[in-house]
Amino acid sequence: MSVAQEGHPPAADLLDTDGGALVGVEGLGVAYRVKGASVDALRDVALRVERGEIVAIVGESGSGKSTLATTIVRLLPGNGEILAGTVGFDGTDLARLRERDVRELRGRRIGFVPQDPMTSLTPTSRIGPQVMETMLIHGTHTRPAARVRAVELLREAGLSDAERVMQAYPHELSGGMRQRVLIAMAFAGDPDLIIADEPTSALDVTVARAVMDRLSLLVREHHKALLIITHDLAMALRRAHYVVVMRSGRVVDGGTSEQISEHSTHPYTRELLENSPHLRLEHVAAAAQTTPRVARELFAPTNPETLLRATGLRKVFRSGHGRAAKELVAVDDVSLAVPAGSTYGIVGESGSGKSTTARMVLRLEDATAGSLTFRGEDVTHAKGERLRELRREIQVVYQSPFDSMNPRLTVGAIIDEPGRAFRLGTARERRAKVLSMLDAVQLPSGFADRRPDELSGGQRQRVAIARALSIEPALVVLDEPISALDVLIQTQILRLLRDLQEEFHLSYLFISHDLATVQNFADYVAVMKDGGVVESGTPDDVFCAPRHQYTKDLLTSAMHL
Amino acid sequence: MAVPISDTVRPPRPGARLLAFARRETVTLAAFAFLVLILLVTVWPGLFAAFDPLRANPSQAYRPPSWPHLLGTDNVGRDLLSRMVFGASASMPAALLATSLSLVIGVTLGVVAATLGRWVDAVITRLLDSVLAIPGLLIVFAFLAVLGNGTLPIAVAVGLAGCVSFGRLMRAEVYRVRSLTYVEAASASGVRGWTIAWRHVIPGAIRPVIALTALDLGASLLTIGAIGYLGFGVAPPAPEWGAMVAEGQRHVADAWWMSVVPGLTFVLIILCANQISRYFERGNQR
C-alpha cells in the first residue's frame, strides 16, 4: 500500500526530548472497577503530540484507544481511575488537575469531535445556540459576536448554507452535515488540541472522505494539533503524520506513517496491514478475462439453474394520511438472480435500498411491485405454512451480533431455534446437531451452555452463522455480517463463510457498504444508489472498469479516505 | 466504548460481591426486610400481638406509647400494636389478591392486544382508556355496589380497577420488544408467532411489569385503606388500618398516636414498595 504524504509539513521526531510538546503522556495507567474487581484498561502508555501535527491512535475494540482519549479530556466514566503516570498538556498535568480547572480547558484549549453524529447534538435545540455555547460559557465572545463567529465556523467546516443550518434542528440535517456541525463546535473555543474519536466511522464513505478532508484542512490552516482515534489503519496512515498502534491497553508500535506502512517489523502491525481489505483496481490479465464471461452467463436472469430470482422489485413506504400522506420509494425496479452455490453482492451507501431489498428477499417486507421466485416457484405472496417452508430454505445473518440473539437464551438454545421450530428430529438429535454446528463454525462445544453476553463479537457472529445454517438452508442472506467486527475478526469470519459455502453448497446474498470486501468475496456485484441498481457485473467489471459515475466516486472515496 | 482487557482482571475477594451489593442496596434491603416483617405479621399475628385486639379496658385508655403498650392504647383502652398486627391480616391479603388479579388480567390483555393487533388491539385499548378516564375509587365503589361488601369483593374490585396500568404497560413493552432484531431473527428462522411471544417477547417485556407489581401492591393497600377510612369494608370492632386512621382522627387532641401509627404504617409500606419497584426498574447491575 502506498501512502500519500504530499502536503504534510515536516514534523519533529516522535522520540524528541520534552521541549514544548503540546501533549506529553507518560507512563499512564488507568483501571476500571467492574463488579468489585479492578480491570486494567491502560498500562504504561506514552504519547506525544506537537502543535501542527496529526497523530492517529489505531487499535481494535478493547485496545484502550478510547480510554486514552477520554483520559486526556478527563471524561473517564465514573468507575474509571487514573492509577499512574502523567497527562502533560502545555506544561500542566491534567491527571492531577481539579475538576473545576479541567472544565476551563475543555472546549477552550481542547476540542472534542465525538464518534456518533446522530446522538451527539441536543435534539431539542437549534444548531446555532449549540455552536455558540462554548464561546458563551467561556466568555470569549459576546452573544452577537458569537453568532457571527458560529456562522463563520460552520462555513469553514464546509457547510456553505451556514445561515440556514444555524436555524435548523439536528434531525433536519444529514449525518455528514451533523458531523460538520460537531467539527465547527470543536473549533468554536479556538483550542490548541482537537481530539476526534472515530470521526468518520458512522458515515458513508463519500461523506467520510469529505469530512476528513475538511478536518485535515482546518487543522493545517489553523496550526492545531489533531489526535485521531480510529480502528482504520489505512485511513490513519493516509491522514496522520504519526501513527501509534495500541493493543490490550499498551502501545505496541509507533512511528511516522511511512515507517509504519513500509518498515514496521512488529508482527501485530503487519497482521493489521495485511488484513485490511484492499481494493484491487489494476486491470486483470487477459488470462482471467474468461472467468467474467462465465460469471455473467451464470448470473444472467435466463440461467435455468438460478435459485432465487427477483424481477422488478419495488418498495414504497407510506406514512401519514390524507393531505399529509408521504411516499418514500425505498427500492425501485431491482432485479437480481442468484445461482446455486455462488455469492451475489449488493454494495451501496446508507439509504441506497440494499437492506430493504434483502428484507424483501427474506419476505420480512412485502414488495409493493415485482416478483420473487425461489426454485422456479413464485413466492412473492407466500403466506402461512408456505412462507414457513420458504424460511427453511432462506436464512439470515444480521449485522449486529449483539442485537440479533435473545440475551436470555443459551447459545445452544439459540442455534437450536430453527430446528425446534421445524420439529427436525428428537431433542437428542437436535442437541447433536447443535454440537456439530458449533464445530462447523469452529467454536468449542462447551459454548452451548454459555449465554451471548459471555461471548466476543466475533464469537457471537459465529453463533449467528451456526443458527442460520443449522437447518441446512439453500440461501443465506448476509446483511453486513462483518461490519460490526474488528479487522482481524472480519478476515476470519469471511474465511469461515467461504469454507461453509463450499462444504454445504450454499448461495449467499451479501449486503455490504464496503467495496473492498464485496470485491474480494462476491462472484457478482450490484451497485445500488437511491433505491436502484446503477451498475452490475463481475467484481472485475465493476471495480476495474466502472462505467457509472457514482461507482467511480465510491471507488475514489474508498481509496482516499 | 472501551472494553476492559480480560487477562488483567484482578478477581474480587470471595464475598466481596455480596458485600458490595449490600453496601450499594442498603435501602432496598431494608425496605425488603420491612415488607417481609409485615408479611410475617399477616401470617402469624398471634406471634406479635401481646394483647387481645378486641378487648376494651377503660382503665388503660389513652395510654401513650410506653411499656407494656408499645404503641399506646386507644380511647377504650385496646392495645394499638395488637390492633395494628391483626389489622394487617385484614388488609394485606386483600392487597395481595388485588395486585395478583391486576397482574394476571392486565398482562393477558396487554399481550393479547399487542399480539393480535388490528381490531382486537383497538377494542382493548379503548376499553382500558375509558376505564382510566374514571377515578379509581369511583370504579371500586361501583364494583362494591354490585358485589356487596367484604374482603373478597374489595380485593376483586381493587384488582379490576388496577389492571388498566398493567395492560397498558404490557402492551407498550410487547410492542417495544417485538421491534428488536432478535425477535425478527426468530421470525426469519421460521419460528411461529405464539412461540415467539412465549419464548422471546414476554420474558423481554416482563421486567418493568415486575417493577409495577411492587408499586401496585402499595397502591392497592392504600386504596383498601381508603375504603376502610370511608367506613366500608371490615365491620367494627374488628381492626382495619384505614378505619383506625378515621377513628383516631376523632381523638387526635387526646391521643395523636391513634391516627399517626396506622397512617405512618401506610407511608412506610408505600415507600418500601417504591424502593423495591425502583430497584427492579433499573436492574441490579450498576
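The values are calculated or read from the model by the stated rules, or taken from the named source; none is laboratory data. This structure is a prediction, so every number in the text was calculated from the model and none was measured. Methodologically, a virtual Cβ is constructed for each residue, glycine included, from the backbone with ideal geometry; neighbour enumeration extends over all protein chains shown. Quick note on the areas: whole protein, heavy atoms, side chains included, nothing else; ligands and nucleic acids left out. Shrake-Rupley method; radii C 1.70, N 1.55, O 1.52, S 1.80 Å.
Quick notes on this structure:
- Across segment B:164-179, the qualifying residues are those that are modelled with pLDDT of 90 or more and open to solvent by 10 Å² or more (accessible area, probe 1.4 Å), and the one among them that is farthest from B:Leu116 (Cα to Cα) is B:Ser165.
- Residue match in segment B:260-279 (condition: over 20 Å from the mean Cα position of the chain (by Cα), in a loop (DSSP other than H, G, I, E, B) and within 21 Å of B:Pro65 (Cα to Cα)): no
- Among the residues of segment B:198-233, those that are of a type in the set (A, V, I, L, M, F, W, C), closer than 14 Å to A:Arg408 by Cβ and under 21 Å from the mean Cα position of the chain (by Cα) comprise B:Ala205, B:Ile206.
- Segment B:117-197 holds helices (runs of 4 or more DSSP H) entirely within its bounds, and those carrying 1 or more residues that are under 28 Å from the mean Cα position of the chain (by Cα) map to B:118-133, B:136-147, B:151-178.
- Total residues in segment B:218-246, condition open to solvent by less than 40 Å² (accessible area, probe 1.4 Å) and in a helix (DSSP H, G or I): 15
- Looking across segment B:67-79, the residues that are in a loop (DSSP other than H, G, I, E, B), under 14 Å from B:Ala50 (Cβ atoms) and under 31 Å from the mean Cα position of the chain (by Cα) come down to B:His69, B:Leu70, B:Leu71, B:Gly72, B:Arg78.
- A:Leu443 vs. criteria over 20 Å from B:Ser179 (Cβ atoms), more than 14 Å from chain B (Cβ to nearest Cβ) and either within 28 Å of the chain's Cα centre (by Cα) or modelled with pLDDT under 90 (or both): yes
- Criterion violated by B:Ala113 - all others in (1) open to solvent by 30 Å² or more (accessible area, probe 1.4 Å); (2) touching a residue at least 24 places away in the same chain (Cβ under 8 Å); (3) farther than 30 Å from B:Trp257 by Cβ satisfied: (1)
- Among the residues of segment B:194-216, those identified as open to solvent by 40 Å² or more (accessible area, probe 1.4 Å) and either within 12 Å of chain A (Cβ to nearest Cβ) or of a type outside the set (Val, Ile, Thr) (or both) are B:Trp194, B:Thr195, B:Trp198, B:Arg199, B:Pro203, B:Ile206, B:Arg207, B:Leu215.
- Segment A:69-83, residues that are among the acidic types (Asp, Glu) and either surrounded by 21 or more Cβ atoms within 10 Å (Cβ to Cβ) or free of Cβ contacts under 8 Å to residues at least 24 places away in the same chain (or both): none
Yes or no, residue by residue, for (1) at pLDDT 85 or above; (2) of a type in the set (A, V, I, L, M, F, W, C); (3) farther than 30 Å from A:Tyr268 by Cβ:
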position	(1), (2), (3)
A:Val30	yes, yes, no
A:Ala37	no, yes, no
A:Glu50	yes, no, no
A:Val58	yes, yes, no
A:Ala69	yes, yes, no
A:Arg74	yes, no, no
A:Arg108	yes, no, yes
A:Gly111	yes, no, yes
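- Lone unmet requirement of (1) out of contact with any helix residue (DSSP H, G or I) (no Cβ under 8 Å at 6 or more places or on another chain); (2) at pLDDT 85 or above for A:Thr343: (1)
- Every condition in (1) closer than 26 Å to B:Phe280 by Cα; (2) at pLDDT below 85; (3) more than 14 Å from chain A (Cβ to nearest Cβ) is met by B:Ile38 except one, and the failing one is (2).
- Scanning segment B:41-59 for residues that are open to solvent by less than 70 Å² (accessible area, probe 1.4 Å) and part of a helix (DSSP H, G or I) yields B:Val41, B:Thr42, B:Pro45, B:Gly46.
- Qualifying residues in segment A:390-406 (those that are more than 8 Å from chain B (Cβ to nearest Cβ) and modelled with pLDDT under 90) - the one surrounded by the most Cβ atoms within 10 Å (Cβ to Cβ): A:Pro401
- Pairs meeting the criteria (first residue in segment A:410-435 and away from chain B (no Cβ under 14 Å) and under 14 Å from A:Gly446 (Cα atoms), second residue of a type in the set (S, T, N, Q) and assigned to a helix (DSSP H, G or I), beta carbons under 7 Å, at least 6 apart or on different chains) are A:Leu435/A:Ser445.
- Filter result (surrounded by fewer than 20 Cβ atoms within 10 Å (Cβ to Cβ) and free of Cβ contacts under 8 Å to residues at least 24 places away in the same chain) within segment A:230-261: A:Val252, A:Gln259
- Qualifying residue in segment A:362-382 (condition: in contact with a strand residue (DSSP E or B) (Cβ under 6 Å, 6 or more places away or on another chain) and either assigned to a helix (DSSP H, G or I) or within 9 Å of chain B (Cβ to nearest Cβ) (or both)): yes
- Residue in segment A:39-68 that is surrounded by the fewest Cβ atoms within 10 Å (Cβ to Cβ), counting only those that are touching an Asp or Glu at 6+ places or on another chain (Cβ under 8 Å) and facing chain B (nearest Cβ under 9 Å): A:Ser61
- Scanning segment A:199-229 for residues that are open to solvent by less than 20 Å² (accessible area, probe 1.4 Å), assigned to a loop (DSSP other than H, G, I, E, B) and either in contact with a His (Cβ under 6 Å, 6 or more places away or on another chain) or closer than 20 Å to A:Ser512 by Cα (or both) yields one hit, A:Thr200.
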